[in-house]
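Student: Have a look at this one before I ask anything.
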Amino acid sequence: MELSDLKIFCTVVEAGGVTRAAERLHRVPSNVTTRIRQLEEELGTNLFSRDGRQLILSPAGHTLLGYAKQLNALAQAAREALNTTEPRGSLRLGSMEAAAAVRLPTPLARYHARYPAVTLELSTGPTAQLIARVLAGEIEAAIAADVQDDPRLETMPAFTEALVLVAAAGHPAIRGPEDVPQASLLAFPAGCAYRQRLETWFGAQGARPARIVELGSYHAMLGCAVAGMGVALVPESLLAAFSGRAGLSEHRLAGLTGKSETVLAWRAGTQSPRIKALIALLQDV
């Protein structure tokens, strides 16, 4: 396999077809089609199912796509390491919702001002999803909490968060799961580091939340807590910017709240000039 073939393959998938891929690659559609067919012949399998002019990624194509993204990302990192020390190109950064809202605006604004040749692309998600995307080469780095040791990753401390359990104002003191027997857990979908902490806290004491209400933003989560719909575990730095904080009660519990280490994580061996520049800025925060 040639890297150029893998780039064409990824572009066809991302663009949703040969014609659009050809436009992005500045090639004629027939050339793109030929390269895809040659790649399929070399691999001995169909990468797409063809329905008229529509291409549908096959199971084999799905498998190859993950590897192709990783190889393309590694090749790009190698070129940058050899050819330049000046940050340029596209920095695809992932972040947890809270960090994106509270911690990143200032350092990213400085990054943009200092390195105008870099295009910043920021997406949000839970820790597990972000790390999976880093390892798959879909994003270059991620800001994530409670990241497990993994030889495929390199990390650096970015922020230390103080966590607090919140409920509606006037809620009696919460010392353990027995104090919230009917409460719903307000959380992001599975894969969120803070949700995992809260579920582990319940489980360690032989308890389970009445139910888990999955929400897509901290504003929705805090709003539901104010309305008495349940409890949530959130960074204290987020509460400082929440206008409805007076409508919340805050509870600190041994073994649940306290410090959480948020790190910048990237795939081992792929520290580009863009990542080095981001590390330097985060260390100055």
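The values are calculated or read from the model by the stated rules, or taken from the named source; none is laboratory data. What you see is a predicted model, and the numbers here were worked out from it, not measured in a lab. Ideal geometry is used to build each Cβ from the backbone, glycine not excepted, and the neighbour counts take in all protein chains shown.
Student: Is it true that residue 246 is more than 22 Å from the chain's Cα centre (by Cα) and either of a type in the set (Gly, Ala, Ser) or not assigned by TED's automatic domain parsing to the domain that holds residue 144 (or both)? Break it down into steps so the answer makes sense when it comes.
Tutor: Details: more than 22 Å from the chain's Cα centre (by Cα): yes; either of a type in the set (Gly, Ala, Ser) or not assigned by TED's automatic domain parsing to the domain that holds residue 144 (or both): yes.
So residue 246 fits the description; yes.
Student: Test each condition in (1) more than 24 Å from residue 254 (Cβ to Cβ); (2) modelled with pLDDT under 90 for residue 198 and report the one that comes out false.
Tutor: Condition (1) is where residue 198 drops out.
Student: Answer yes or no as to whether residue 146 is charged (D, E, K, R), touching a helix residue (DSSP H, G or I) at 6+ places or on another chain (Cβ under 8 Å) and without any contact (Cβ under 8 Å) to a residue 60 or more places away in the chain. Talk me through it step by step, then tell me what you get.
Tutor: On the way: charged (D, E, K, R): yes; touching a helix residue (DSSP H, G or I) at 6+ places or on another chain (Cβ under 8 Å): yes; without any contact (Cβ under 8 Å) to a residue 60 or more places away in the chain: no.
Spelling it out, it is not the case that residue 146 is charged (D, E, K, R), touching a helix residue (DSSP H, G or I) at 6+ places or on another chain (Cβ under 8 Å) and without any contact (Cβ under 8 Å) to a residue 60 or more places away in the chain.
Student: Report every pair of residues separated by at least 6 positions or lying on different chains whose Cβ atoms are under 8 Å apart, first residue within segment 156-176 and free of Cβ contacts under 8 Å to residues at least 40 places away in the same chain and outside the structural domain of residue 220 (by TED's automatic domain parsing), second surrounded by 20 or more Cβ atoms within 10 Å (Cβ to Cβ) and basic (Lys, Arg).
Tutor: none
Student: Taking interchain pairs and intrachain pairs at least six residues apart, which have beta carbon atoms under 7 angstrom, with the first residue in segment 32-46 and basic (Lys, Arg) and the second assigned to a helix (DSSP H, G or I)?
Tutor: 35/5; 35/8
Student: Test residue 272 against the stated conditions and say whether it is outside the structural domain of residue 131 (by TED's automatic domain parsing) and of a type in the set (Ser, Thr, Tyr).
Tutor: Details: outside the structural domain of residue 131 (by TED's automatic domain parsing): no; of a type in the set (Ser, Thr, Tyr): yes.
Judged against the criteria, residue 272 is not a match.
Student: So, restricting to strands (runs of 3 or more DSSP E) that lie completely within segment 1-100, which ones have at least 2 residues that are within 30 Å of residue 126 (Cβ to Cβ)? So that I can check it myself, show each step before the final result.
Tutor: Values: elements: 48-51, 54-57, 89-95.
Because the criterion is at least 2 residues that are within 30 Å of residue 126 (Cβ to Cβ), the strands (runs of 3 or more DSSP E) in segment 1-100 that meet it are 54-57, 89-95.
Student: Would you pick out the residues in segment 260-272 that are at pLDDT below 90 and either assigned to a helix (DSSP H, G or I) or among the small types (Gly, Ala, Ser) (or both)?
Tutor: Start the filter on segment 260-272 by keeping residues that are at pLDDT below 90, which leaves 260, 269-272.
Scanning segment 260-272 gives 260, 269, 272.
Student: Need pairs with beta-carbon distance below 7 Å; first residue touching a residue at least 24 places away in the same chain (Cβ under 8 Å) and within segment 84-103, second of a type in the set (Phe, Trp, Tyr) and assigned to a loop (DSSP other than H, G, I, E, B); sequence gap 6+ or separate chains.
Tutor: Qualifying pairs under 7 Å: 87/115.
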